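Before any comments, here is the structure.
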Amino acid sequence: MIIKKPEALFPDLSSEAALGFFRSGALIIGVDEVGRGCLAGPVVAGAAALDPGFLATLGYRPDGLRPQGRESTAEPIHPLFHVRDSKLIPEKDREPLALGLQGNGILASAVSEADVGEIARLNILHASMLAMERAVALVEESLKRRADVVLVDGNRVPRGLLDRGRAIVKGDQKSLSIACASIFAKVHRDGLMEKLEARYPGYGLSKHKGYPTPFHKERIRALGSTPVHREGFKGVR
């Protein structure tokens, strides 16, 4: 019995399974970025490689679909069954979930950044691509193995991953690997913005995380920009 897609907004492993995740043990890395639309702070990418053997023990079928009833059972629920697009997870739940996932069905994970200087030099699109390439490289280095396939959230693959990358639009809602990467990236970046709040008080960075809220833009007008603001972005300049 399988949960139907419209019934739950939880990603599964169907994309991974189609590429040999269970059949051949292919190393598949999911990668996603967060912070692309912000006015302040770096763009952060997360990457994650899941363990096919462990996922099989949780009841995932060879076609990658989720077992039914995992959200409603009274038994302890594995953290992987709570994974979804990080934007859909309440902020208070993200960090505990990320901690619960570490080493628990995940072979390796990593986060990487492209800072405001790189964003200014490369533009935000290419800086995001660079951060994703870096995160994937860290996972490959950790596992001492090159990925067979890299699943990338969005509609384009970073240049350095073209030989093994597959773009998936709304991948963080479809691929469990990408969704895990999304959570790691979001938790890392949110923590970073909370630290920057202490360094640059008055902007509310710990609340809006650098996104272009009316309050954030008003604070920039009142106080001016800081070294972590993205000069040249509308709302900063």
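The values are calculated or read from the model by the stated rules, or taken from the named source; none is laboratory data. What you see is a predicted model, and the numbers here were worked out from it, not measured in a lab. When we count neighbours, we look across all protein chains shown, and the Cβ atoms used for this are built from the backbone with ideal geometry, even at glycine.
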Original post:
Tell me, which residue of segment 22-44 that is small (G, A, S) and surrounded by fewer than 22 Cβ atoms within 10 Å (Cβ to Cβ) is farthest from the chain's Cα centre (by Cα)?
Top reply: S24
**OP:** Could you look through segment 88-124, keep only residues that are surrounded by fewer than 15 Cβ atoms within 10 Å (Cβ to Cβ), in contact (Cβ under 8 Å) with a residue 40 or more places away in the chain and under 16 Å from the mean Cα position of the chain (by Cα), and pick out the one that is farthest from F22 (Cα to Cα)?
**Re:** E91
Original post:
How about segment 134-153: which of its residues are free of Cβ contacts under 8 Å to residues at least 40 places away in the same chain and under 19 Å from the mean Cα position of the chain (by Cα)?
Top reply: A137, E141, S142
Subject >> Residues of segment 104-116 classified as farther than 11 Å from P79 by Cα and of a type outside the set (A, V, I, L, M, F, W, C), total >> reply: 4
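Against the definition (touching a residue at least 60 places away in the same chain (Cβ under 8 Å), on the phi > 0 side of the Ramachandran plot and not hydrophobic (A, V, I, L, M, F, W, C)), how does G204 come out, yes or no?
Criteria not met by G204.
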Original post:
Within the set of pairs 6+ apart or on separate chains, which have a first residue in segment 56-79 that is more than 19 Å from A18 (Cα to Cα) and hydrophobic (A, V, I, L, M, F, W, C), a second that is loosely packed, with under 15 Cβ neighbours inside 10 Å and at pLDDT below 95, and C-beta atoms under 9 Å apart?
Top reply: I77/E71
Subject >> Filtered residues of segment 182-237 (kept if over 19 Å from E118 (Cβ atoms) and aromatic (F, W, Y)) >> reply: F184, Y200, Y203, Y211, F215
**OP:** Report yes if some residue within segment 187-202 is assigned to a loop (DSSP other than H, G, I, E, B) and closer than 30 Å to S14 by Cβ; otherwise report no.
**Re:** no
Original post:
What are the residue pairs meeting all of these: first residue in segment 162-189, first residue surrounded by fewer than 21 Cβ atoms within 10 Å (Cβ to Cβ), second residue modelled with pLDDT under 95 and of a type outside the set (S, T, Y), Cβ atoms under 7 Å, and 6 or more apart or on different chains?
Top reply: Q173/L9; Q173/D85
Original post:
Given the conditions (1) assigned to a strand (DSSP E or B); (2) in contact with a Ser or Thr (Cβ under 6 Å, 6 or more places away or on another chain), which single one is not true for V111?
Top reply: (2)
Original post:
Which residue out of S142, S128 is at pLDDT 95 or above, surrounded by 15 or more Cβ atoms within 10 Å (Cβ to Cβ), assigned to a helix (DSSP H, G or I) and among the polar types (S, T, N, Q)?
Top reply: S128
**OP:** Give me the pairs, please: first residue somewhere in segment 1-27 and more than 20 Å from V152 (Cβ to Cβ) and polar (S, T, N, Q), second residue anywhere and modelled with pLDDT of 95 or more and surrounded by fewer than 19 Cβ atoms within 10 Å (Cβ to Cβ), beta-carbon distance under 9 Å, and either six or more positions apart or on two chains.
**Re:** S24/D148
